[in-house]
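The values are calculated or read from the model by the stated rules, or taken from the named source; none is laboratory data. A quick note: this is a predicted structure, and the numbers were derived from the prediction, not measured. Positions of Cβ are backbone-derived with ideal geometry, glycine not excepted, and every protein chain shown enters the neighbour counts. In case anyone asks, the SASA skips ligands and DNA or RNA and just uses the protein heavy atoms, side chains included. Shrake-Rupley method; radii C 1.70, N 1.55, O 1.52, S 1.80 Å.
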Amino acid sequence: MYFDIPKTTSYLKSVLSWLPSTTSSLAHSTRVFFLPDFVTLQESANTASGTDLIVGAQHTHQDDAGAFTGEVSPKVLAQAGAKILEMGHAERRRLYGETDKGVVTKAVGAARNGLTPLICVGEISKEGGVEKATEECWLQVKDVFSQLPKGSPVILAYEPVWAIGASQPATPSHVVAVTQALRQKCAAEVGWTGDELTILYGGSAGPGTFEKIKEGVDGLFLGRFAHDPEAFRRTVEEIGGAKE
Ligand SMILES: O=C[C@H](O)COP(=O)(O)O
């Protein structure tokens with residue numbers, strides 16, 4: 001909720017001005033997505049239509065329709081042009097009571113409408129190290145997999161709660177260890193591997209972050225440090241790498 005309507009419009013315009021030349025200069029095929037608020041979602045999706053920018057939503061209800069005043073359904077979000085639905089963000093868990101169970105039903109709602117769930121997981125406290133962090137994250141997401149059709153695409157955004165809104169990201173060694181352990185659990189315990197599973201890191205990520213953690217993650221989930229479109233461009237370039 002950092003952006004208002006004019007800011008979303010101007011941000012999108014800036015991103016779309018560099019995106020085609022940036023993506024064609026990258027060594028690795030790189031997917032770039034943008035999750036605006038509900039009010040600007042449809043216009044953003046229309047503006048981004050025919051470009052490489054994927055648009056999605058920051059939140060969803062689990063059902064397609066019903067007596068849920070104030071909520072927005074995954075069906076409507078799909079009709080508005082969303083391709084990705086975020087769920088389980090630390091702020092929604094802390095401030096609005098979102099639960100692991102709720103995340104399961106939302107992920108199912110997303111998949112039912114042909115959308116990719118982007119599931120945020122992350123340990124609350126810095127204490128406890130890699131093992132405790134991995135366990136906490138796994139408990140937040142493991143039940144999703146048994147409810148989704150086998151092979152549905154899933155994006156996990158590993159965001160240690162203590163690293164969100166901070167001055168710098170979690171240490172590279174911590175991020176790599178936790179994300180590698182999560183990837184291993186996804187493969188060994190529920191059989192989600194390869195292109196079906198994307199793992200991102202979020203939490204004060206920005207230019208310079210990806211290079212240090214790329215052994216564990218496929219990309220980044222950016223907040224404040226991508227609010228400047230130029231910083232976003234630099235980060236996308238780092239993730240995709242320059243062609244030889
Ligand atoms: O939704 C974005 C993440 O929570 C990260 O936010 P941040 O990069 O501003 O810490």
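Numerical summary
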{"item": "Those residues of segment 171-211 which are hydrophobic (A, V, I, L, M, F, W, C), touching a residue at least 40 places away in the same chain (Cβ under 8 Å) and either outside any helix (DSSP H, G or I) or touching a Pro at 6+ places or on another chain (Cβ under 6 Å) (or both), in sequence order", "result": "W192, L197, I199, L200"}
{"item": "Within segment 201-211, considering residues that are buried (at least 16 other Cβ atoms within 10 Å of the Cβ) and more than 10 Å from the ligand (Cβ to nearest atom), the one farthest from M1 (Cα to Cα)", "result": "F210"}
{"item": "Residue among V72, V76 that alone is touching a helix residue (DSSP H, G or I) at 6+ places or on another chain (Cβ under 7 Å) and not aromatic (F, W, Y)", "result": "V72"}
{"item": "Identity of the residue in segment 75-92, assigned to a helix (DSSP H, G or I) and within 16 Å of the ligand (Cβ to nearest atom), that ends up surrounded by the most Cβ atoms within 10 Å (Cβ to Cβ)", "result": "A90"}
{"item": "Filter pass, L95 being within 16 Å of the ligand (Cβ to nearest atom) and surrounded by fewer than 21 Cβ atoms within 10 Å (Cβ to Cβ)", "result": "yes"}
{"item": "Filter result for T23 (crowded, with 17+ Cβ neighbours inside 10 Å, touching a residue at least 60 places away in the same chain (Cβ under 8 Å), not aromatic (F, W, Y) and not in a loop (DSSP other than H, G, I, E, B))", "result": "yes"}
{"item": "Cross-chain or 6+ apart pairs with Cβ under 9 Å, segment 37-66 first and open to solvent by less than 10 Å² (accessible area, probe 1.4 Å), then small (G, A, S) and within 15 Å of the ligand (Cβ to nearest atom)", "result": "L41/G56; L41/A57"}
{"item": "Neighbours by Cβ (under 8 Å, 6+ apart or cross-chain): first from segment 212-227, more than 15 Å from the ligand (Cβ to nearest atom); second at pLDDT 95 or above and outside any helix (DSSP H, G or I)", "result": "G216/I199; G216/Y201; D218/T198; D218/I199; D218/L200"}
{"item": "The lone exception for E127 - which of (1) surrounded by fewer than 14 Cβ atoms within 10 Å (Cβ to Cβ); (2) modelled with pLDDT of 95 or more; (3) part of a loop (DSSP other than H, G, I, E, B); (4) not small (G, A, S) it fails", "result": "(2)"}
